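Report on one structure; see the data block that follows.
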Amino acid sequence: MATSTPYTRFQTTLHKVLTHLDLEDGSNELFNEPQYIHKNDITITRDDGSTQAYHAFRVQFNNARGPFKGGIRFHQDADEDEVKALAALMAIKTAVVNIPFGGAKGGVQVNPKELTKAEVQRIAREYVKTFQDHLGPDIDCPAPDVNTNPGIMAWMRDEYEQLTHTYSPAMITGKPLEFGGSLGRDTATARGGFFILQEMVDRLALEPRELKVALQGFGNAGAHMAKYLHEAGYNIVAVSDSQGGIYSPEGLDPVRIYKYKQKTGSVTGEYCEGSVCDIDRMKLDNVKTISNEALLECDCDILIPAALDNVITEENAGKIQAKYVLELANGPTTPEADDILEKNGVRVIPDVLANAGGVTVSYFEWSQGRSGEQWTADIVDERLKRVILDAYKAVRREARRQDMTYREAAFSVGIKRMMDAMRLRGWI
Ligand code: GLU
């Protein structure tokens, strides 16, 4: 079998659902390739005076439902195929939560951790210069993604406004609060996932205190999720970051872990310095170190991948003990793993639903940017809850009606909404 790539993995799910929906000839084609792929090398001057070029991409998958929307990642592995897959997922995601956007994604093939802040700023500005004609509040509105943050969004907005001689707060979302950002945007991804989990747990009449949760990734989404879960009484038994993790059957305190991560740079920082750990203290607290791979297979009820893609695969899916998987990361589960999990009765709440809180509050930020309004934190939270739970219920209904997994049902809901818009436009 040919090795899969992020885009072929997206297509596997897509085709399964398109076949199920039995679409008329021709319309399938519209989902096969993005509408536009923009790519260029961007060149910056390094602090030492040398010049360096990086591959950069903006893939615009579909804009039938509204302006293209989706984050920009700075990552050494970001390539055309990955950005294409992520752009396609964004198109499905905005349709699942029913917000008036299409889907896009951007990427620069760079490891920003090896650059100075000034160099990162040059890349951010150069990116906007390069793709300027394809961006804008009514054209394509970027946002943060892996390794990009509100500060980078501020430079991008500033660059765009200088180039176009406009005032355009709605050209990008995920901006700092004091520069056109929205309250609740930083916590939105976790908050959306939390609302869905709570709804599911309530409906199944489960008791949070009796549910063991393992969380992979302690970045923006993972750390906030841990806090919400802890406050609601869930038993967080394992957390990790890129350097490794910790496990305790009695439960961990994410607030304490967060403090140590701030201080030492890793979630294991309370007990370990690099690979040297204070074994006596760990014994006393009944804590063990755990690798990222082992965390996925640990004894838990709910597994939350909140970091990388492609982590639940054919190799480990059969060993997963959790009964529920909530995908806060984009693309953490391969189609082969999906089949194994389904066979084993594991329910997967897919990325296009579980992490859609982020783009939902991006939509609120875009609306505020255009109207000049400033919504309170309570209004953002309340509206996010409504949008995300409506989406969850639509997916649940579709899954039941069509006898599908939640991922297939989410794709089905999203594709049908995209098709409606394309039909009205006369594209099909
Ligand atoms: N990068 C985020 C995602 O994958 C947010 C996109 C946005 O807010 O436009 O959903």
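The values are calculated or read from the model by the stated rules, or taken from the named source; none is laboratory data. None of these values were measured; they are calculated from a predicted model. Using ideal geometry, Cβ is built from the backbone for each residue, glycine included, and neighbour counts are taken over all protein chains shown. Just the protein is used for accessible areas: all its heavy atoms, side chains included, with ligands, DNA and RNA removed. Shrake-Rupley method; radii C 1.70, N 1.55, O 1.52, S 1.80 Å.
Going from most exposed to least, what order do Thr130, Thr268 have by accessible area with a 1.4 Å probe?
On the way: Thr130 45, Thr268 15 Å².
Result, largest first: Thr130, Thr268.
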### Message
Explain nothing, just the number: dipole magnitude of region 206-333 about its Cα centre with +1 on each Lys and Arg Cβ and -1 on each Asp and Glu Cβ, in debye rounded to the nearest 20.
### Response
340 debye
### Binned Cα-Cα distances of the chain, short to long, each 20 Å bin given as a whole percent
26, 59, 15, 0
### Asp158 - accessible surface, heavy atoms, 1.4 Å probe, Å² rounded to 10
50 Å²
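In nm, what is the difference between 0.36 nm times the number of residues separating Glu29 and Asp81 and their Cα-Cα distance?
Answer, rounded to one decimal: 16.9 nm.
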### Query
Where does region 77-130 land on Rg(C-alpha)/(2.2 N^0.38 Å)?
1.40
### Message
How large is the direction-averaged shadow of the alpha-carbon convex hull of region 265-402, in nm²?
### Response
11.9 nm²
### Task
Using θ = phi - 60° and the Karplus relation 6.51 cos²θ - 1.76 cosθ + 1.60, list the HN-Hα couplings for region 40-54 in order, rounded to whole Hz, with x at every Gly or Pro.
6, 8, 10, 10, 10, 8, 6, 4, 7, x, 6, 10, 9, 10, 10
### Message
Over the Cα atoms of region 177-223, what radius of gyration and what Dmax do you get, in Å?
### Response
13.9, 43
## Note on the structure
Here P(r) for region 127-181, Cα-Cα distances in 5 Å bins, as whole percents, is 4, 22, 37, 26, 10, 1
### Message
Between Asp390 and Gln162, how high is the FRET efficiency from 1/(1 + (r/R0)^6) when r is the Cβ-Cβ distance and R₀ = 45 Å? Nearest 0.05.
### Response
0.70
### Message
From the helices alone, meaning DSSP H stretches of at least four residues, give me the mean residue ellipticity at 222 nm for the chain, per-run term -39500 (n - 2.57), in deg cm²/dmol to the nearest 500.
### Response
-14000 deg cm²/dmol
### Extended-chain gain in nm, criterion 0.36 nm per residue less alpha-carbon gap, Gln262 and Asn40
76.3 nm
### Query
Taking a quarter of the surface of the Cα convex hull of region 223-287, what do you get in nm²?
4.1 nm²
### Query
Taking only the alpha carbons of region 1-148, what extent do you get along each of the three principal axes, in Å, biggest first?
58, 41, 22
### Task
Run a plain Debye calculation on region 279-337 (Cα atoms as equal point scatterers, no solvent) and give log10 I(q)/I(0) at q = 0.26, 0.28 Å⁻¹, rounded to two decimals, same order as the q list.
-1.08, -1.20
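Which whole-number percentage describes the relative contact order of the chain, with Cα contacts under 8 Å and a sequence gap of 6 or more?
Relative CO of the chain lands at 16 percent.
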### Message
7 Å from Cα along Cα→Cβ at both Leu21 and Asp299: what's the point-to-point distance in nm?
### Response
4.4 nm
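Please compute the length gained on full extension between Thr376 and Ser242, using 0.36 nm multiplied by the number of residues separating them and subtracting their Cα-Cα distance.
44.8 nm
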### Message
Need one number: the % of Cα-Cα pairs in region 347-428 sitting beyond the 21 Å mark.
### Response
43 percent
### Message
Lone cysteines in the chain, defined as no other cysteine's Cβ under 4.7 Å from theirs: which are they?
### Response
Cys141, Cys298, Cys300
### Message
Taking just the alpha-carbon atoms of region 100-202, what radius of gyration and Dmax come out, in angstrom?
### Response
15.3, 51
### Task
Would you please give the residues with an amide H less than 5 Å from that of Ile236, counting only those at least 5 places away or on a separate chain, with H modeled from the backbone geometry?
Val213, Leu252
### Message
Need one value: the accessible area of Trp427 in square angstrom, 1.4 angstrom probe, rounded to the nearest 10.
### Response
110 Å²
### Query
How large, in Å, is region 36-122 by the Kirkwood hydrodynamic radius built from its alpha-carbon pairs?
13.6 Å
### Task
Using only the alpha-carbon atoms of region 102-147, report the extent along each of the three principal axes, biggest first, to the nearest angstrom.
33, 19, 14
### Query
Non-local amide H neighbours of Gln216 (under 5 Å, H modeled in plane, Pro and chain starts lacking H): which ones?
Ile304, Ala306
### Message
With a 10 Å cut-off between alpha carbons and a GNM built on the chain, which of Leu206, Leu295, Leu215 moves the most?
### Response
Leu206
